[in-house]
Amino acid sequence: FQGIFVLGLPYALLHSGYSGLFLIILAAALCCYTGKILIACLYEENEDGQLIRVRDTYEDIANACCKKLSPKLGGIAVNVTQVMELIMTCILYLVVSGNLLSHSFPYVPVTEKTWSVVAFVTLLPCVFIKTLKIVSKLSQLCSLVHFIIILVVMTYCLTQIHQWSWAKFRLSVEFEDFLVSVGVIIFSYTSQIFLPTLEGNMKNPGEFRCMLNWTHFFACVLKTTFALTAFLTWGEETKEVITDNLPSFLQTLVNLCLLTKALFSYPLPFFAATEIVYACISRGNHSNYRSPLFALGVRGSFLLLTLLMAMFIPHFALLMGLTGSVTGAAMTFLLPSLFHLKLKWEKLSFLEKCADISVFILGFLCSIAGIVCSIKGLLEVFG
């Protein structure tokens, strides 16, 4: 939850004012809720009234919802959406790595694309990752690096506390700027893609709901504290990535930490995407598709694909925004609420049905708004 998106939260407050603080809390509550209802779709009651896990993945849930229309249609749609979002995330980490290396070593006569290739070389061992345990170790290191970044920024902000003023907050906001803030805040909480796998790998899955409550609560507190202290420090001068506001001697240190974080973050979406594709390909009875060499080939192909797309796609940020508006909103709001209504309709109370429908409508509006803004940006770029 404390991803690179967190560094854009002070900028989101710049454009959303007091409403941004409310959005950070609301987004935490909504994403926590959709995570719970998504996992609820994995379970069904047996004859004794006990909950039994009858599905394992997001794909299984989609297939169960669409089985009357087509047995595998829902799973295919979900898998395509998941893989698109995960690959775009991997590409973003490569692009960010190239950008950070370029800014950290400005005197080296090397382009950002070349730096992206250097970052890519360090990620080659990812083709040998076979289990989620290895990914979790890297994610722990990623979290440690992230807290170092947050600590550096907040420590500097606290040294500037004499400059803080609540007058910097806006009471009125422009609609398009507000939509940008909504996108940054909501998508800084997204994790639904990983939840079925995470819950299935827990030693005690019964603690999942409690874990989700506490992680969203602490994420909300940390995001609010960080965004607030940074915005009160720089006010109208707050930049899109808050680390760009730091003095030059701190910028280099933070940029290198961000680079480390980006490289440690890459394996999780990479592993998830390759596992989905490998599972789809090897589902048949063809023994050749289940060999370790074939799995290595799938991971190697994906690794190379992310590099090529990072190198040659123009205006990647805008395309990322467009893809995120479609896939992010779908995986976070639209599909969990829709699947929950479909599978649990008879057992849901009136209030639960209203909550699911409200979340679906909100996700739809966020998706449409994000698509319109991204397309408008692309049209401006291409004239």
Checklist entry - If you add up the charges near A273, with Lys and Arg at +1 and Asp and Glu at -1, over every other residue whose beta carbon is less than 12 angstrom from its beta carbon, what do you get? => result -1
Checklist entry - Which one of I281, I61, I91 has the biggest mean-square fluctuation once the chain is modelled by GNM with Cα springs under 10 Å? => result I281
Next on the checklist: Run lengths n ≥ 4 of DSSP H only: what is the helix-derived mean residue ellipticity at 222 nm for the chain, with -39500 (n - 2.57) per run over all residues, to the nearest 500?
Outcome noted: -23000 deg cm²/dmol
Checklist entry - If you place +1 on the Cβ of every Lys and Arg and -1 on the Cβ of every Asp and Glu, how big does the dipole about the Cα centre of the chain come out, in debye to the nearest 20? => result 740 debye
Checklist entry - Which whole-number percent is the relative contact order of the chain (Cα, under 8 Å, 6+ apart)? => result 33 percent
Checklist outcome for this item: If each part is reduced to its alpha-carbon centroid, the range 130-201 and the range 1-65 end up apart, in Å, by 16 Å
Checklist entry - Over all distinct Cα pairs, what is the inverse of the mean 1/r for the range 83-130, reported as the Kirkwood hydrodynamic radius in Å? => result 11.5 Å
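Stick to Cα atoms and the Kirkwood definition of Rh, then tell me Rg/Rh for the range 30-164.
1.12
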Checklist outcome for this item: Any lysines whose Cα falls less than 24 Å from that of K68, other than same-chain ones fewer than 8 residues away, would be K342, K344, K347, K353
Checklist outcome for this item: To the nearest Å², the heavy-atom accessible area per residue of the chain with 1.4 Å probe amounts to 51 Å²
Checklist entry - Which residue fluctuates the most in the chain, going by a Gaussian network model with Cα springs under 10 Å, if the choices are H103, H216, H15? => result H103
Checklist entry - Which listed residue (Y58, V80, V135) has the Cα farthest towards the positive end of the charge dipole for the range 44-178, taking +1 on Lys and Arg C-beta and -1 on Asp and Glu C-beta about the Cα centre? => result V135
Checklist entry - From the residues V184, Q160, T238, which one has its Cα farthest along the dipole of the range 156-243 in the positive direction, the dipole being from +1 and -1 charges on Cβ of Lys/Arg and Asp/Glu about the Cα centre? => result Q160
Checklist entry - Per the 1.4 Å probe, what fraction of the accessible area of the range 5-382, in percent, lies on carbon and sulfur atoms? => result 69 percent
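Which order do K68, K36, K130 take when ranked by solvent-accessible area (1.4 Å probe, heavy atoms of all protein chains), largest first?
Result of the area sort, largest leading: K68, K130, K36.
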Checklist entry - With Cβ to Cβ distances under 12 Å as the rule, what net charge do the other residues near L341 carry (K, R +1; D, E -1)? => result +1
Item to check | Fluctuation leader among V298, V121, V180 - the chain, Gaussian network, Cα springs under 10 angstrom | outcome: V121
Checklist entry - Can you give the net charge of the other residues whose Cβ lies under 15 Å from the Cβ of N46, counting K and R as +1 and D and E as -1? => result -1
Item to check | For the range 5-382: span of alpha carbons on each principal axis (Å, largest first) | outcome: 65, 52, 44
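The values are calculated or read from the model by the stated rules, or taken from the named source; none is laboratory data. Predicted, not measured: the structure shown is a model, and the values here were computed from it. No Cβ is skipped: glycine too gets one built from the backbone with ideal geometry, and neighbour counts run over all protein chains shown. Just the protein is used for accessible areas: all its heavy atoms, side chains included, with ligands, DNA and RNA removed. Shrake-Rupley method; radii C 1.70, N 1.55, O 1.52, S 1.80 Å.
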